[in-house]
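Structure, as C-alpha cells:
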Amino acid sequence: MEKFNLEISTADINIGAVNLEEVLQNVLDWVLVPEHVSSRREEICKINGQEFKLGRIIPNLFFLKILQKYKIPIELEDFVDFKKAGELEDFINKISEKAEQYKDNISLEDLKMELTKSIVKLSDVTVRVNTLVGITVNLSSLGQLAAKNSRVKELLNFDIPEGLQLNEIEKLVDANVKEINEILKKEETVYKPLLLGGAVNARQLGQTFVNVGLKPDIEGNVIPEPVNTSFIRGLRNRQDYKTCAIGARKALVISHKQVRNSGYLSRKLLLLAGETQLDQTCECCNTKHFLPIEFKTEDIYKRYIGRYTATGEKITGDPKQMEAFIGNTIEVRSPITCSARTGICKQCYGDLWKFNAEYNIGIISVLLLTNQLTQMLLSSKHLLMAKTEKIDWSEDFERAFSIDKNEVYPNLETTKIAIAVQDVYEDDEGDLFTNRFTAKVANKKVVITTPKKMFLNKEDAKKFETEPKEVQLYVDSNESCFFMKTRNIELGSTLAALIDLLQKPSHGGFDNDWIAVANAFVDKISESKLSLMAVHAEVILRCLVKDLATEKFPDWSQDEVPEIFVDYVSNAIMNSEELSTSLSFEQIKKQLNNVKTYEKTKAGIYDPLFV
C-alpha cells in the first residue's frame, strides 16, 4: 500500500509557499480511500520536523487554514496532537483567542462564520471516516439504499406478525438482522467495516434499524409483548417505553452482579493456567491417548479447524470432511492428553501454534475466554435481548391448541379441558399450573403432557379451591386457556455455567468424567457464540485433569489410562507445584499452616512478585 508523505514548515505556511487548504484536501483524498483509512493512525506527518499522526493532523488543518487565510502567523505551538478528550474544544478556543488579536485581519463575525463552517465540515469528515472504520452507520446512504432496494426497505420497516411463539419471534428477528447485515456488507458507502470486522455490533445494528424484539424482565422471564419497532422508527406507545425501561434496569442488575464474578473467574484462571507453555522443541509427543469429541454441529466442527485427529488427519474445514464428522464422536489430539514433558507439543495444540509460538498460551486462552465474557456483560445495556428456548410440542397438543406469544388458545370453537386436582401445582409466585390434562382431540379424549408449565388464569384457578377431584373448563377459541412464563436465557448464564463446570467440585454434574467435562465446555462456548477455538478451552481444562494417585498431571505416554479426577479451579491453584502461584491466590494463613507449602520448590512465572 502506498505511503502518504507530508513534511512542511510553519515558515512556508506563513509566506504562502504551502497552502493549507490544498494540503487538507490532499490528506482527505488519501484518507477517505477504504484501503487507506485504517492507516491514518500509523502514517506520520512532520511539521518543522516534529512528528504527528496523520489522523490527528486533520483537525489542525481544518482550523489553522483559517489563520492562514487571514494572514495570521502560525507557529509550531499552534499544532495539537489531540491525545486527550476535550482537547479539540480547547484548540478551537485557542484559535479564536489568537484570531481576536488580529482584529484588523478578521472581524468577529467572519471568525464565527469560518469556525462554524470548519466544525460542520470536520463533522462530515468524521462521519465518513467512522463509517469506513466501522464505528457508525451512514444514515443518508442507508436511506438512499432503501429507496433503490425494496428488500432493505422491507427490513427497515419490519413488524413482527401476530400468532408466533416467543422462540419463533426471536428466530424471525435474528434472521432479518442477519439478512440486512449481509446486504450491508456489499454497500461500503453505508457500512464498509462489516466486511472488515468493524466495531458496530450486529445486535445493536438490528435493534436500531430492524426490530428491537423481545426483552427480559427483572425476574428473568421474557416479557411476552415484543417491542415491535426499531429505535430509528421510534417507540410506539407506553408499553414499548415500559418494556425498554425494564430491560434497562435488568442490564444494570446484570452489570452489577455478574461483572465482578467474571473478573474473579479471570483472576483465578490466570493463576491456574499461567504456567502452561507451548513446547516449541516438540513437534509430536506421540501420546497414546486422545480426547473423544462429539461433533454435534457445524459450529463445533469449525472450532476444531487446524487440529489433528488420533489418526493424524488434519481438520481442514472441507465440506465433505465436515459432513463426515458431524453427528459422530471422533478422537482428536488434545492439550489435555499431550505427553510432552515441558509443555504442549505442536501437534496436540494444532496449527494455532504458528501464531502463538512467542506467547504464553495459557494466559492467551484465559484472556480470550474471560475478556469476551466480561465485555458481553458490560455491553448488556446495548445488547440486552431476550433469548428463549425452542419448545417441542406433541402432535396431539398442536392439533388441539395454538400459541400466540405466551398465550395458549384452543383450535376448536369450544374445547373441553379436564384437569385433575393432583396434577395442579403452585409456583413460587403463588400461581397455579399444570403440565398434564385431558382434552378432546379429533372426537376423542387425549391425555396431554406438556414440556412447559401451563399456568391457569385467576378465574379458573379459583375453581380448584372447592373442587375435590377434577375441574372441567369449557373454553372458546377466542379465549386463552393457559399462559406460559418463558424464562430468558441470561447474558450471565454462560458465566454461571462455566463457573459451575470449572469451579464447583461436581463439575456441572459430570464429576470426574473428564471427557464429558471437556465436551460440555466446548458445547457451552458454542451455544454462547463466543469467538473461541476449542483448543483454548482444552488448555484451561488441562490444568484441572489430574492423576488420582499422584494428584499431578497424568503421564499420558503410558499404555494404560490412569485413574483420573477433575480438580476444581480454587483447589488446583492452592495445590499448585509453584509456590508463587498458590501464594498469589488467597487463604494465605491456611497455606502457611500446611507442611506441603514448604515442600514446593518448582519455579514459576509469578516468582518475581515475591522477590
query: With axes computed from alpha carbons, what is the tilt in degrees of helix 166-184 against the longest principal axis of the chain, rounded to the nearest 10 within 0 to 90?
result: 30
task: Could you calculate the FRET efficiency of Lys596 with Lys288 from 1/(1 + (r/R0)^6), where r is the beta carbon distance between them and R0 is 41 Å, rounded to 0.05?
output: 0.85
- prompt: Hey, which of these cross-link pairs are over 23 Å Cα-Cα: Lys458/Lys485; Lys65/Lys94; Lys53/Lys84; Lys296/Lys346; Lys171/Lys215; Lys153/Lys185?
  reply: Lys296/Lys346
task: Could you tell me the distance between the Cα centroids of region 490-538 and region 557-611, to the nearest Å?
output: 23
- prompt: Ranked highest first by average number of other Cβ atoms within 10 Å, how do 400-406, 558-564 line up?
  reply: 400-406, 558-564
- prompt: So how far apart, in nm, are the two label points at Ala549 and Asn435 if each is 7 Å from Cα heading toward Cβ?
  reply: 4.5
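Pairs of Cα atoms under 8 Å, at least six residues apart: use those to get the relative contact order of the chain, whole percent.
11
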statement: Computed from the beta carbon distance with a Förster radius of 22 Å, FRET efficiency for Asn411 and Lys453 to the nearest 0.05 stands at 0.55
- request: Would you calculate the separation in nanometres between label points at Ile605 and Thr281, each defined as 7 Å from the Cα along the Cα-to-beta-carbon direction?
  value: 1.9
- line: Tilt, helix 20-31 to longest principal axis of the chain (alpha-carbon atoms), in degrees rounded to tens, equals 30
query: Per Stokes-Einstein, at 20 °C and 1.002 mPa s, what whole-number D in µm² s⁻¹ belongs to region 6-133, with the Kirkwood radius over Cα pairs as the hydrodynamic radius?
result: 142
task: For region 281-316 and region 39-82, compute the distance between their C-alpha centroids and round to whole Å.
output: 54
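At a 10 Å Cβ-Cβ cut-off, how would you order Lys346, Lys552, fewest neighbours first?
In increasing order of surrounding Cβ atoms, one gets Lys552, Lys346.
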- line: Helix 514-527 sits off the longest principal axis of the Cα atoms of the chain, rounded to the nearest 10 on a 0 to 90 degree scale, by 60
query: What is the gain in length, in nm to one decimal, between Ile246 and Gln204 on full extension, counting 0.36 nm per residue of separation less the C-alpha to C-alpha distance?
result: 13.3 nm
field: Net charge of neighbours whose Cβ lies under 12 Å from the Cβ of Asn19, counting Lys and Arg as +1 and Asp and Glu as -1
entry: -1
statement: Counting sequence-distant residues (5 or more places) and residues on other chains, those with an amide H built under 5 Å from that of Asn221 are Asn488
statement: With R₀ set to 60 angstrom, the calculated FRET efficiency between the beta-carbons of Leu88 and Tyr425, to the nearest 0.05, is 0.45
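When Lys171, Lys524 are ordered from fewest to most other Cβ atoms inside 10 Å of their Cβ, what list results? Write down the numbers at each step before the final one.
On the way: Lys171 14, Lys524 18.
Ranking Lys171, Lys524 by Cβ neighbours within 10 Å, fewest first, gives Lys171, Lys524.
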field: Full-extension gain in nm, Lys71 to Gln558, via 0.36 nm per residue minus C-alpha separation
entry: 166.9 nm
- request: Evaluate the charge dipole of the chain about its Cα centre and quote only its size in Debye, nearest 20, assuming +1 on the Cβ of each Lys and Arg and -1 on the Cβ of each Asp and Glu.
  value: 480
message: With +1 assigned to the C-beta of every Lys and Arg and -1 to the C-beta of every Asp and Glu, and no other charges, what is the dipole magnitude of region 6-133 about the Cα centre in debye, to the nearest 20?
response: 240
query: Which one of Ile74, Gly16, Ile58 has its Cα pushed farthest toward the positive end of the charge dipole of region 6-133, where Lys and Arg give +1 and Asp and Glu give -1 at the Cβ?
result: Ile58
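Every number in this text was worked out from the coordinates using simple rules, so none of it is lab data. Predicted model only: the values in this text are computed from it and were never measured. No Cβ is skipped: glycine too gets one built from the backbone with ideal geometry, and neighbour counts run over all protein chains shown.
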